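The structure under discussion appears below in the form of structure tokens.
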Amino acid sequence: MRPAPQQRYRTVESHDRAVVQMAPMEFGSSADASASAGPRYIKPGTNLRTDARMHMASSNGRSSNGSQGDSKLELFGFDSLVNILGLKRMVGEQAQASASTRDGENAGIAIGHPKGGGPYYLIGRALGPEVGVSIGLCFFLGNAVAGAMYVLGAVETFLDAVPSAEFFQESVTVVTNTFVNGTAAGNATTISTPNLHDLQVYGIIVTILLCFIVFGGVKIINKVAPAFLIPVLFSILCIYIGVFIAPRPNASKWITGLSITTLKDNWSSDYQRTNNAGVPDPNGALLGLYFPAVTGIMAGSNRSASLKDTQRSIPIGTLHATISTTMMYLLSVFLFGALSTREGLLTDRLLCAAVAWPSPAVVYAGIILSTLGAALQSLTGAPRLLAAIANDDILPVLNYFKAYEGSEPHVATLFTSFICISCVIIGNLDVITPTITMFFLLCYAVIMFMISWTFTVVSLALASLIYYYVSLKGKAGDWGDGFKSAYFQLALRSLRSMGANQVHPKNWYPIPLIFCRPWGKLPEDVPCHPKLADFANCMKKKGRGMSIFVSIIDGDYHESAEDAKTACRQLSAYIDYRRCEGVAEIIVAPSTSIGFRSIVQTMGLGNLKPNIVVMRYPEIWRRENLTQIPSTFVSIINDCITANKAVVIVKGLDEWPNEYQRQYGTIDLYWIVRDGGLMLLLSQLLLTKESFESCKIQVFCIAEEDTEAEELKADVKKFLYDLRMQADVIVVTVKSWEADPDRSGGSKKDDPEVYRSSQSRIRTYISELKEAAERERRPLMEGGKQVVVDEQKVEKFLYTMLKLNATILRHSRMAVVVLVSLPPPPLNHLAYCYMEYMDLLVENIPRILIVRGYRRDVVTLFT
């Protein structure tokens, strides 16, 4: 299969800031190189369809015909990091068929700029499509009904300020000032309110006018917004000036000026029970009336699709709105409590206007413009929220409300206007506001029964019906199900609920399989290297999650069964002693390779199977002359690739810091191949530990010489920003083998001694194998398997590792820990040679994690 046409970057210049030049690393191109799925750069947002066979072949590091295609870093097998932003499903590929991803199997993630939706988007992506749509629609209704509330508030204030504008006779309510044991005491007070029909007529007119503005689009709304905001801010300032200079001449008899005595008199509660026009019942209804006043802080979130930088603007704007309004509300409570008598606070519905300087008309105008501005926000945000729900294509019945990118949600706006006008016809704020509160509280998860059990039951019933309908008729979302995370925490109870399907990357948890004693010498009473337990905890957020510690006893099962049980008890006790959440397993097998193959196939249940194999690097294999280690090491890695398990190999385990050894410096990632984001995830998990929390992350991107380094660097930084990961990005370019004419003649005199020693050992080993094969008249064999020796490829691979090691030492000699991609063992290749490559890669690097991902993405924009 030929690759798609490649996009090449410009030639890298030596003075480029983003480029760290690297010595030659390519070893020429073969005739079949053009036919291999070579590395290519794919811009974010590019819509691709990847053939499943090619995807699996590239992920395994082998082409579809069993051979291994050449690339700039040929040993690493599959796509090099020039394809970092072509990590296909993780970054650049749109989901093609979301209907097949309900349970997360083969889940393609729809990436790109989110279509907005504010709280709905957050809830839906966190708790799944059913909960998201149910609460999102209720939140939409809350915003739509809130528009009616604001319109009625503006109309009521206008009619209070201009009584002559009324068409019908105003209503009069009688309020007693105090109640003692249910008996009225004191004089009665009358409260005049606008007639219901006046509120309806003016309310419908105002709603229609606002809808015309909304239909004009966001640009017109943004132009109109200052006309609402500036007078409101000025009226607030006038109120506070009036409070501090009160009482003025001709002031109301209730206004005492700021007084400690007045504050003390008003401090205790003395609620009044009235009809619809007065102060409502204090047993919950007062909260229901007041709560909509604090929902305006969501206005920016509801219009998130119109924001330039959503990640930055929404948190800053919402926090500032919350802090400023909270301070203003609290300050007003104390100021007015010290300014007016209790009777004035109860009966003067516009006391703030009576106090304002220089005239009440300023506050009347401010209140009207404030409520109209809030109504405009509701009528702007609600349609966009409904359009965002429709665009997710969960409920087919909502397809009429879809709004494509760059267009206004006109149909959704028309539907919102209909709901708003319907509520305006009710004409009673005390009926509308509890409804708004219930719809909002479904999103805020506040205990609602304390306000009104009737409205609560109705709201919950509506949400439940929507949830049930979405479950039956809705299409699957492609952002995962947050309940699966809880199932991981309750593994044994929830195993049946999770099933055996693959989990979505959002809910992916590392379940490390810790290989305790594959090689190396430990005291008999120490069943596992102490630092392996520490490292296992580093792979889990806050130490939570399951680890599986395994060890293999060589021998016959019937003879060693009791020894295995004893060893398992010792290992379990040791795990508890090291305070590591996990379980112990001991396997008896004829050899380590056979035992591990059994483990990797059978260990775990359902989705609680281990997904990462962790083991220490066999540093002692040559020193102790353990010739069986290379074949065992290669066999384990190949088994992990076949079983689709990630691999993390730790070199320098003895120097791994414990929780009390704080590290300062950098965590350096040499991201060479596509790994589903595992290396990024591991670096972020390390930062959550006290020992590494002071470190910074550096990402070194290994790319082709022809790449446009500045553009690649910018795209990688944008990718990390979208994942909310902070890291410095450095692009390391690769020159071709032909750039070094001396390479064609073999090694050079200035090659390092360690490189020449590796060459010498490999030549000697190959010579011995060939002599044995000729003597015994059999094919070339290693570890009982037939192998093929291509000395030119051995030279290429060895030199690749030398230059990669030199690059790491040049830039990361002082790094706290280095993470680098693990190359897969080449097919039918000598295991001894592979160990020599790995030794050359880790030479003189004190602490390094060699990481290989698998055919699953472990990070996503929804994580």
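For ASP706, the requirement of being within 23 Å of VAL794 (Cβ to Cβ) and either assigned to a loop (DSSP other than H, G, I, E, B) or modelled with pLDDT under 80 (or both) is not met. Screening the candidates GLU585, GLU659 for the property of being within 36 Å of the chain's Cα centre (by Cα) and in a strand (DSSP E or B) yields one hit, GLU585. Kindly establish whether LYS717 is within 20 Å of the chain's Cα centre (by Cα), among the basic types (Lys, Arg), over 18 Å from LEU804 (Cα atoms) and in a helix (DSSP H, G or I). The answer is yes for LYS717.
Would you check which residues across segment 194-229 are exposed (fewer than 14 other Cβ atoms within 10 Å of the Cβ) and either acidic (Asp, Glu) or in a helix (DSSP H, G or I) (or both) and list them?
Let us first name the residues in segment 194-229 that are exposed (fewer than 14 other Cβ atoms within 10 Å of the Cβ), namely 197, 205, 208-209, 212, 216, 219-220, 222-223, 226-227, 229.
Once the filter is applied, which keeps residues that are exposed (fewer than 14 other Cβ atoms within 10 Å of the Cβ) and either acidic (Asp, Glu) or in a helix (DSSP H, G or I) (or both), segment 194-229 yields HIS197, ILE205, ILE208, LEU209, PHE212, LYS219, ILE220, ASN222, LYS223, PRO226, ALA227, LEU229.
Whether a residue is open to solvent by 70 Å² or more (accessible area, probe 1.4 Å) and out of contact with any Lys or Arg (no Cβ under 8 Å at 6 or more places or on another chain) was assessed, and GLU771 passes this test. One residue stands out among those in segment 588-617 that are assigned to a strand (DSSP E or B) and either β-branched (Val, Ile, Thr) or open to solvent by 20 Å² or more (accessible area, probe 1.4 Å) (or both): the one that is nearest to LEU571 (Cα to Cα), which is VAL588.
Inspect segment 635-644 for any residue being touching a helix residue (DSSP H, G or I) at 6+ places or on another chain (Cβ under 7 Å), open to solvent by 30 Å² or more (accessible area, probe 1.4 Å) and not assigned by the TED database to the domain that holds CYS833 and give the result as yes or no. Yes, segment 635-644 contains at least one residue that is touching a helix residue (DSSP H, G or I) at 6+ places or on another chain (Cβ under 7 Å), open to solvent by 30 Å² or more (accessible area, probe 1.4 Å) and not assigned by the TED database to the domain that holds CYS833. Looking across segment 310-337, just one residue is at pLDDT below 85, of a type in the set (S, T, N, Q) and open to solvent by 60 Å² or more (accessible area, probe 1.4 Å), and that is GLN311. Scan segment 830-852 for residues that are surrounded by fewer than 22 Cβ atoms within 10 Å (Cβ to Cβ) and in a loop (DSSP other than H, G, I, E, B) and the total you get is 5.
Screening the candidates VAL859, VAL788, VAL818 for the property of being touching a residue at least 24 places away in the same chain (Cβ under 8 Å) and out of contact with any helix residue (DSSP H, G or I) (no Cβ under 8 Å at 6 or more places or on another chain) yields one hit, VAL788.
Sort out which residues of segment 774-789 are open to solvent by 60 Å² or more (accessible area, probe 1.4 Å) and not aliphatic (A, V, I, L, M), and write them in order of number. GLU774, ARG775, GLU776, ARG777, ARG778, PRO779, GLY783, GLY784, LYS785, GLN786 - these are the residues of segment 774-789 that are open to solvent by 60 Å² or more (accessible area, probe 1.4 Å) and not aliphatic (A, V, I, L, M). The single residue among LEU385, LEU395, LEU372 that is in the same structural domain as ILE239 (by the TED database), of a type in the set (A, V, I, L, M) and over 17 Å from CYS138 (Cα atoms) turns out to be LEU372. Criterion applied to TYR240, TYR271 was being at pLDDT 80 or above, at negative phi and open to solvent by 40 Å² or more (accessible area, probe 1.4 Å), and the one residue passing it is TYR240. Residue-level analysis places ALA564 among those that are touching a strand residue (DSSP E or B) at 6+ places or on another chain (Cβ under 8 Å) and over 19 Å from PHE633 (Cα atoms). Among the residues of segment 653-694, those identified as in contact with a Ser or Thr (Cβ under 7 Å, 6 or more places away or on another chain), open to solvent by 30 Å² or more (accessible area, probe 1.4 Å), of a type outside the set (S, T, N, Q) and under 17 Å from LYS531 (Cα atoms) are GLU659, ARG662.
Kindly provide the set of residues from segment 346-402 that are β-branched (Val, Ile, Thr) and touching a helix residue (DSSP H, G or I) at 6+ places or on another chain (Cβ under 6 Å), ordered by number. Spell out how you get there, then give the answer.
Going residue by residue through segment 346-402, those that are β-branched (Val, Ile, Thr) are 347, 355, 362-363, 367-368, 371, 380, 389, 394, 397.
If the condition is that a residue be β-branched (Val, Ile, Thr) and touching a helix residue (DSSP H, G or I) at 6+ places or on another chain (Cβ under 6 Å), then VAL355, VAL362, VAL363, ILE367, ILE368, THR371, THR380, ILE389, ILE394 are the ones that fit.
Scanning segment 393-413 for residues that are touching a residue at least 40 places away in the same chain (Cβ under 8 Å), open to solvent by 70 Å² or more (accessible area, probe 1.4 Å) and under 14 Å from PHE212 (Cα atoms) yields one hit, HIS410.
Of everything in segment 98-150, what is modelled with pLDDT of 75 or more and of a type in the set (D, E, K, R)? Give them in sequence order. Correct list: GLU130 only.
Selection of segment 770-784 for residues being without any contact (Cβ under 8 Å) to a residue 40 or more places away in the chain and not small (Gly, Ala, Ser) yields LYS770, GLU771, GLU774, ARG775, GLU776, ARG777, ARG778, PRO779, LEU780, MET781.
State the number of residues belonging to segment 343-357 that are open to solvent by 70 Å² or more (accessible area, probe 1.4 Å) and out of contact with any Lys or Arg (no Cβ under 8 Å at 6 or more places or on another chain). Can you show your working first?
Taking segment 343-357 and keeping what is open to solvent by 70 Å² or more (accessible area, probe 1.4 Å), we get 345, 349, 357.
Add one more test, that the residue is out of contact with any Lys or Arg (no Cβ under 8 Å at 6 or more places or on another chain), and what stays is 345, 349.
The total comes to 2.
Checked against the criterion of being in a strand (DSSP E or B), in contact (Cβ under 8 Å) with a residue 60 or more places away in the chain, under 22 Å from LEU841 (Cβ atoms) and of a type outside the set (Ser, Thr, Tyr), the candidates ILE697, ILE667 yield just one match: ILE667. Quick check on my filter: what residues within segment 601-636 are within 30 Å of the chain's Cα centre (by Cα) and more than 22 Å from PRO530 (Cβ to Cβ)? Scanning segment 601-636 gives MET603, GLY604, LEU605, GLY606, ASN607, LEU608, LYS609, ASN611. The single residue among ILE575, ILE620 that is in contact (Cβ under 8 Å) with a residue 12 or more places away in the chain and assigned to a loop (DSSP other than H, G, I, E, B) turns out to be ILE620.
The values are calculated or read from the model by the stated rules, or taken from the named source; none is laboratory data. No experiment lies behind these values; they were computed from the predicted model shown. Ideal geometry is used to build each Cβ from the backbone, glycine not excepted, and the neighbour counts take in all protein chains shown. Calculation scope for accessible area: heavy atoms of the full protein, side chains included, ligands and nucleic acids excluded. Shrake-Rupley method; radii C 1.70, N 1.55, O 1.52, S 1.80 Å.
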